[in-house]
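The values are calculated or read from the model by the stated rules, or taken from the named source; none is laboratory data. What you are looking at is a predicted structure, and each value in this text was computed from that prediction instead of being measured. No Cβ is skipped: glycine too gets one built from the backbone with ideal geometry, and neighbour counts run over all protein chains shown. The protein model used for the area step is the full one, side chains on, heavy atoms only, and it has no ligands, DNA or RNA in it. Shrake-Rupley method; radii C 1.70, N 1.55, O 1.52, S 1.80 Å.
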Amino acid sequence: MKKVLNRHQLTALFGFCLVISFLFSPSLRAQEEAAVAEAEQTEAAEAGGEGPCGPGDVAKGKQLFNQNCAACHALNRKMTGPALANAATRLIEEEGLDCDWIYSWIKNSPGMIASGDAYANRIYEEYNQAAMTAFPTLSDQDINDIIAYLSLIHISEPTRLKTRSRMPSSA
């Protein structure tokens, strides 16, 4: 039988290279960053949140988002519906809509489309004439809770989420 020269050294070198490749693996860093972002969200949730439509409970908002919205919406990318990270602020600042419009849309989007609302119809057409499910049982406060949760999230890169810091401003 033929002997393999330096078998133990080659095995050790291969094992060392494998360990180094795992240490510098992007997926491990992504998991670590996700854990840091989750910890920041939890900390912010405990502190409470102020959305553009009023105060809301961030923890309750996250729960309501996961129960009612996450099937069709992601935070950072389009799915069946648009990305919702910081959506209320974007609608208010970029589209000139108000909180009452947001409440009406969430509670009865098919009714707003039927009424001829320009932005409602634009979204309806953009998403292949798929109307958003109506949520008439959500109260304005429930919606404020969801908005407070979504307002903590902003997108710094297309695939990466970070939370906004809630540090008091020095005036």
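Before moving on, here are some points about what is shown:
- With each label modelled as a point 7 angstrom along the Cα→C-beta vector, the Glu125-His8 pair spans 7.6 nm.
- Average accessible surface for the stretch 109-153: 47 Å² per residue, computed with a 1.4 Å probe over protein heavy atoms with every protein chain in place.
- Couplings 3J(HN,Hα) for the stretch 83-96, derived from phi with the Karplus relation 6.51 cos²θ - 1.76 cosθ + 1.60 (θ = phi - 60°), are 5, 10, 4, 6, 5, 4, 4, 4, 5, 5, 7, 8, 9, x Hz, where x marks Gly and Pro.
- Computed Kirkwood radius, in angstrom, where 1/r is averaged over Cα pairs of the stretch 41-145: 14.3 Å
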